[in-house]
Amino acid sequence: MFEILKKSFKTGIVTDQYPPAPAGQKISVAPTAQKKAELFRKSLTIREVDTGSCNACEMEMNALANPVYDIERLGIHIAASPRHADALVVTGPVTVNMEGPLKDVYKTTPNPKLVIALGDCAINCGIFKGSYAVTGPVDQHIPVDVRIPGCPPRPAEIIEALTELRKGETTFTRWFRKFSGEP
């Protein structure tokens, strides 16, 4: 037990601050998405859907739950079922075999739902563009609210996009601004 305590003191706190997202990537958040995300400011449950990716984006999504990034502390949870999700995170280009399941998952997710296209393949098919097995990017099949580019996007970029999506004016702040006479 003393060895474990000694190791813990030497290691320190690993969840202090995750590495910052690199500058230069353009994260696209639709204006209507922030209105939809107003309900999910304190808690957001996401469901990841792989429609044919190389699994690099899934590896970065898995890193979100590790002690370094720990998205649970930000109120973001990962659900096992789309019925319990507020947002769908779609990775990879939509393949012929995954087109139907993607539409089924979209229908199963309760409204108002957010759709996040994660990675270059989900946004524009990436290196799989022109493949006979790919039917197109995600926005050709279901409406997309947020686009996070990168091959794959780093966990810090994903957190930045989810934070950007969830910040903004709430109903209370809008009422308070109107009540106090601010424009």
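The values are calculated or read from the model by the stated rules, or taken from the named source; none is laboratory data. Keep in mind that this is a model prediction, so the values were computed, not measured. Cβ: placed from backbone, ideal geometry, glycine included. Neighbour counts: every protein chain shown. Remember, those area values only see protein heavy atoms, side chains included, never the ligands or the DNA or RNA. Shrake-Rupley method; radii C 1.70, N 1.55, O 1.52, S 1.80 Å.
Just the residues that are surrounded by fewer than 22 Cβ atoms within 10 Å (Cβ to Cβ), farther than 26 Å from N66 by Cβ and touching a residue at least 24 places away in the same chain (Cβ under 8 Å), please, taken from segment 128-158.
Correct list: F128, K129, S131, A133, V134, T135, G136, Q140, H141, I142, P143, V144.
Please verify whether segment 26-40 includes one or more residues that are open to solvent by 30 Å² or more (accessible area, probe 1.4 Å) and either at pLDDT 85 or above or farther than 18 Å from V146 by Cα (or both).
Checked against the condition, which is being open to solvent by 30 Å² or more (accessible area, probe 1.4 Å) and either at pLDDT 85 or above or farther than 18 Å from V146 by Cα (or both), segment 26-40 yields no hits at all.
Can A161 be described as among the hydrophobic types (A, V, I, L, M, F, W, C), open to solvent by less than 50 Å² (accessible area, probe 1.4 Å) and at pLDDT 90 or above?
no
Within segment 51-76, how many residues are open to solvent by less than 60 Å² (accessible area, probe 1.4 Å) and within 13 Å of the chain's Cα centre (by Cα)?
9
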